[in-house]
Each structure stands twice: as structure tokens, then as C-alpha cells.
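Trainee: After the C-alpha cells below, expect a handful of questions from me.
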Amino acid sequence: MPEIRVGRDWDDLKKFGSKGTIIIGKNIVGTGAETHLASEIKFDVLRPHVIVVVGKRGSGKSYTSQVFAEEIYKLPEEVRRNLCVVSIDTQGIFWSMKYPNNKQRDLLYQWGLKPEKFSVFEYVPFGQKDKFDKMDVLYDKTFSFKPSELTTSDWCYSLGLDENELEGILLSKVLSKMKGNYSIEDIGAKIREESFDEKIKLKVENMLLNAKNWGIFSEQGTNVYEFLKPGKITIFDVSLFGGGVGWNVKSLIVGLLMKKIYEVRVLERRKEEVSTIEEEEKKEREIPLCWIITDEAHNFIPSERATASSDIILTVIRQGRQPGISQLFITQMPDKLHSDVLSQADLVISHRLTSQRDIDALKAIMQTYMLYSIEKYLDELPKLKGVALILDDNSERLYKIRVRPRQSWHGGESPVAL
Ligand SMILES: Nc1ncnc2c1ncn2[C@@H]1O[C@H](COP(=O)(O)OP(=O)(O)O)[C@@H](O)[C@H]1O
Ligand SMILES: [Mg+2]
């Protein structure tokens, strides 16, 4: 069958052919009544990438992102063992990968596929164990962070404080004196010792003690090496943080996770390079290259403000290819997403978009090689679920795609009142 390869440059095409690619769907050709599915669209996973999946609500974004996860899981062992996936699940829907997609069995058969369950590993926040137990969600383990892993900025962003105001200054002063593995109470005690405005001291200490209720702190903290394992697909369910602090806490979690992954991969990359220079026999990669999937990304790296995760996300986007980190961002609001994310993406998958602001955000990138305006291509997409445009910066081409059906159950279905 003819095939289209995206995300791969000419040199790699010559060197690897179709090796290390995943099938994400089929090319839609023709318009109107002539429309049909043709070549398979294969995407490179040998190199690191930045992918952005956009589209209005219900257009298939989360679904598409899970097709990537399934495909990475299904790779031949020699490729798969060099990769792992970390998904940030803001809606609590990715755990359903553990169940087969029996609902779309017929559609799957048309594609020559079968419903299948995937062995993914799900973490839920340390302090939310009971809530998840009550909901009968099948999680595998809890995750947490040590308070000592947070910088002054981390605390300020997540508590909604300004680093340059008195509260931030106090925190920075106190944290600079803390040593070893300390608890939130230890920070509180140090604050009390400090000679500083008494009201501010009380306020900050109180805020810190309240942060314990987020349920993400413990003395041990989760070790990254637990989940940066060959072929492992890990989900971090952050869906239960509601209220005013909700997104602050979610951003803190994403920021801390990403910082750890980045640090480990940078170290590992150095080791890998040394061993290549020394021309040692090619050893198996100890820490796999990592894919990070982030749903509702405009909240973690918005255009108009900074969050506890935005700095590290920008660093990873700009430098992540070197240490081997790929990112897949999902957003229904591309115009609210930091513009660097779209401009650094080498693959954009655009499901149906209706808001002009969002279409304009797409127009700002990658239009040099497009014959017509993006509206024309979006209009031509058949009215089916899972159709999208793929803008491939590597080949400077645009394709219409129908994303393949998922083999595992999709948890994002909207409820029906009837
Ligand atoms: N490639 C696809 N093939 C078949 N059905 C799909 C596909 N993509 C999406 N769907 C259907 O569309 C629904 C909405 O998709 P979802 O990814 O949850 O939307 P979004 O994340 O954009 O809000 C899914 O529940 C599924 O039934
Ligand atoms: Mg979604």
C-alpha cells in the first residue's frame, strides 16, 4: 500500500525508510461525493518532536493523542524499549486505555484492527487516594513531591503570590536557609524565627499549611526513575484539583514533573554521548527517550501570563530535542497558547476549528508552503469524527487525514441526558 511519511526529513527517509514510524491514520483524497481514504499516514518516532493538536471541543483531540500512545506501545520491541510516554490527564479520561474499545468494534474491523486493552500505569495524587478508591478508578500508585523540591517561584506561582512582594521576599529568604529534606512544618518554623512583618509571616505560614491539603506532598516524593522505564506508558491523573487553586496546583505538578524528566534526560544524554565517543559496544539505552502528552495545554503555557510550568515547558520545547524529549500538546484554544509552542511545533494536527481567532493563530505559522488559506482546507474536511489537517514542517506539506479508530476505550465521551 502506498504510504505518506510525516515528521521525517530526507536524510532519515533514506536511512530508515518506514522503520520507527507509527500509523496514525489515512490520507483523505477527493472532495464532496468523491471523498475516500487512500494512503496510510506514518509518523516518525525515532527523533524527538513537538506536536500540537488543536480543534474545537468534541472534534477528536484527546482521542488522537491516545492513538499516538497506543501506536508507541505497539512498536516493535527494538524501537519501543527506547521510548516511554508520560501523559498529563487533566480530565481523568486516559485510564480507560486499560479497557478494549468494544463500542467501535465495527469501525475497527473496517480498519483491520481489533479492540484491545493496553497495560498502562496510572498515578493519582497521594492525598486523593480515598476519592479515587470511592470512584472505583483502577489506579496503580500514588505520586507526590518533597516540599524541598519547590523553588521560591514554584511556591509563589502555586500560592498566587508575587515573588517581588513582601510574601515572596520572605519565602525566598527562608527557603535559602533550609537544608536537606524538610517538611512544610519545617518551613513554617523557620518563618516564625525570621524577623519580618508579623502579619506577613502569619499569612505565608498559613498559606503553606493550607497547601498540605492539595495532597501532593510527602517525605519521600516520587522517584522519576520509577516511570522513565523502557516502553512504559504512564498517566498522571490531575483531574480532581478544582476550585480557585486548581490550575495553579496542576501547573505546579506539570512543572515539577517536567523539570525532573528534563534533568534526568540531560544527564543521560551526556552519558550516551560519552559512550558513543568511546565507541563502546552500543549498550541498551537506560533511560528511554520520553514523550510527554499534555491535555488542555493553554492552561499550562498560556500566552498572556506565566505559570509554575511555563518556564520549563519553554525550555523543553526549545532544547528538548537534544536530550530526547518529545512533546504533544492538546488545546481547544490555540490563540490562548503561548505563541512559541505553535511556532516551535514541527507537526500541527488541526481538527475542526470554528472560532476565527483560533484559525488566525494557525495562520500565523507554516503558511509559506500552503497553496490556499487554511479555511479552504478546513472547509473541505468531510463531516466525520477524527478528521483533521496535518501540517508537516519536515516535508513542508499539508495532508487531510482521518485518524484511525482507537483500540482501547475512549473515556472522553460527553454524557447524554437521555
Ligand atoms: N478518529 C476517530 N475515529 C472515530 N471516532 C472518533 C475519532 N476521533 C474522535 N472520535 C469520536 O469523537 C468523540 C470526541 O472526541 P474527543 O477526542 O473526546 O474530543 P476533544 O478532545 O476534541 O474534545 C469521541 O468520543 C469519539 O467518539
Ligand atoms: Mg479532550
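Trainee: Treating the angle as unsigned and between 0 and 90°, give the value, to the nearest 10°, between the Cα long axis of helix 198-211 and the longest Cα principal axis of the chain.
Mentor: Around 40 degrees separate the two axes.
Trainee: For PHE132, PHE121, which order do you get if you count the other beta carbons within 10 Å of each Cβ and list the fewest first?
Mentor: With the fewest neighbours first, PHE132, PHE121 line up as PHE121, PHE132.
Trainee: Given a Förster distance of 25 Å, report the FRET efficiency between THR31 and ASN102 from their Cβ-Cβ distance, rounded to the nearest 0.05.
Mentor: 0.15
Trainee: Over 24 Å between Cα atoms: which of LYS146/LYS201; LYS74/LYS260; LYS229/LYS259; LYS14/LYS114; LYS134/LYS229; LYS15/LYS42 fall into that group?
Mentor: LYS74/LYS260; LYS14/LYS114; LYS134/LYS229
Trainee: Computed over the Cα atoms, what is the radius of gyration of the chain divided by 2.2 N^0.38 Å, N being its residue count?
Mentor: Cα-based Rg divided by the globular estimate yields 1.04.
Trainee: Related question: How far is helix 61-74 tilted, in degrees, relative to the longest principal axis of the Cα atoms in the chain, given as a value from 0 to 90 rounded to the nearest 10?
Mentor: Around 80 degrees separate the two axes.
Trainee: Going by how many other beta carbons lie within 10 Å of each one, how would you line up ARG81, ARG397, fewest first?
Mentor: ARG397, ARG81
Trainee: List, in order, the whole-Hz ³J(HN,Hα) value for each residue of segment 401-406 obtained from phi through the Karplus relation with A = 6.51, B = -1.76, C = 1.60 and θ = phi - 60°; use x for Gly and Pro.
Mentor: 10, 9, 5, 5, x, 6
Trainee: Quick one: SER59, SER18, fewest Cβ neighbours within 10 Å first, how do they rank?
Mentor: SER18, SER59
Trainee: In deg cm²/dmol and to the nearest 500, what is the mean residue ellipticity at 222 nm of the chain if only DSSP H runs of at least 4 residues count, each as -39500 (n - 2.57), divided by the residue total?
Mentor: The helix-only estimate for the chain comes to -10000 deg cm²/dmol at 222 nm.
Trainee: Contact order normalised by length for segment 127-269, with contacts defined as Cα pairs under 8 Å and 6 or more residues apart; what percent is it?
Mentor: 32 percent
Trainee: What is the calculated FRET efficiency for ASP197 to GLN319, with r their C-beta to C-beta distance and R₀ = 35 Å, to the nearest 0.05?
Mentor: That pair, ASP197 with GLN319, gives E of 0.30.
Quick note: the coordinates plus some simple rules give every number you see, no bench work behind them. Quantities reported herein were computed from a predicted structural model and do not represent experimental measurements. For neighbour counting, all protein chains shown are included, and Cβ atoms are generated from backbone atoms with ideal geometry for every residue, glycine included.
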